[in-house]
Amino acid sequence: MSVKGTVFKYSDNVDTDVIIPARHLTSADPKHLAAHCMEDIDTSFATSVTAGDIMVAGKNFGCGSSREHAPIAIKASGISLVIASDFARIFYRNAINVGLPIMECPEASEGISNGDIVEADFDTGVITNVTTGKTFQAKPFPEFIKRIIDAGGLVPYTKAKTEA
């Protein structure tokens with residue numbers, strides 16, 4: 001599976017309180033969360049993002065609280081993939097649990113700019129900056145993580161397994 005989209009680029013240490021500010025946690029509705037995603041650091045994000053776009057960030061993306069609202073907000077906004085130098089471990093797990101694809105690749109994080117068009121192949125781990133022609137190698141998803149993401153997250157994956 002591969003995705004292709006326009007990049008929204010952010011810096012290091014983007015925490016879960018910036019991804020979805022606590023004042024908006026009055027609802028767990030994904031559409032509500034998406035409407036307020038990233039608003040404290042990018043006021044135009046929620047109105048500019050389109051389905052399939054890609055988020056790129058620096059080190060320690062998703063640090064802070066363990067709330068799973070953050071990856072839900074990103075996924076519901078239409079982002080098809082988050083690429084970062086590295087992720088806070090709890091965010092990494094929460095992203096997989098909700099079916100949000102993420103890839104760790106420090107070189108891609110540094111070599112991709114805001115507004116670039118990027119394509120990523122989950123099977124090979126190849127990330128291509130279509131705008132510049134540069135390619136980067138991330139680790140491809142293990143098969144079990146691909147199955148969880150393809151199912152839409154851990155809950156739908158588990159439900160399908162128990163109904164089979």
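The values are calculated or read from the model by the stated rules, or taken from the named source; none is laboratory data. It should be emphasised that the depicted structure is a prediction, and the values quoted were computed from it without experimental measurement. Note that each Cβ is placed from the backbone with ideal geometry, even for glycine, and that neighbours are counted across all protein chains shown. SASA here: full protein model, heavy atoms, side chains in, ligands and nucleic acids out. Shrake-Rupley method; radii C 1.70, N 1.55, O 1.52, S 1.80 Å.
State, to one decimal in nm², a quarter of the convex hull surface area for the C-alpha atoms of the range 108-164, i.e. the direction-averaged projected area.
Hull-based average projected area comes out at 4.7 nm².
Net charge around ILE20, counting only other residues with Cβ within less than 13 Å of its Cβ (Lys, Arg = +1; Asp, Glu = -1)?
The answer is -3.
If you roll a 1.4 angstrom probe over the protein chains with everything in place, what fraction of the accessible area of the chain belongs to carbon and sulfur, to the nearest %?
That fraction is 53 percent.
Calculate the length of the line joining the C-alpha centroid of the range 82-123 to that of the range 30-57, in whole Å.
Between the Cα centres of the range 82-123 and the range 30-57 lies a distance of 15 Å.
From the helices alone, meaning DSSP H stretches of at least four residues, give me the mean residue ellipticity at 222 nm for the chain, per-run term -39500 (n - 2.57), in deg cm²/dmol to the nearest 500.
-9000 deg cm²/dmol
Quick check for the chain: number of Lys pairs with alpha-carbon distance under 25 Å, counting only pairs 8 or more apart or on different chains?
Qualifying lysine pairs in the chain: 26.
If contacts are Cα pairs under 8 angstrom and at least 6 residues apart, what is the relative contact order of the range 31-102 in percent?
Across the range 31-102, relative contact order equals 36 percent.
Quick one: putting +1 on the C-beta of Lys and Arg, -1 on the C-beta of Asp and Glu, what dipole do you get for the chain around its Cα centre, in Debye to the nearest 20?
Charge dipole of the chain: 400 debye, to the nearest 20.
In Å, what Rg and Dmax follow from the Cα atoms of the chain?
14.8, 46
Rolling a 1.4 Å sphere over the protein heavy atoms, what is the accessible area per residue of the range 52-164, to the nearest Å²?
On a per-residue basis, the range 52-164 sits at 44 Å².
Can you give me the distance in nm between label points at ASP121 and SER44, each placed 7 Å from the Cα along the Cα-to-Cβ direction?
3.4 nm
Given contacts defined as C-alpha pairs under 8 Å and at least six residues apart, what's the relative contact order of the chain, whole-number percent?
23 percent
Say we join alpha carbon atoms closer than 10 Å with springs in a Gaussian network model of the chain; which of ALA73, ALA84, ALA46 then has the biggest fluctuation?
Its mean-square fluctuation being the largest, the pick is ALA46.
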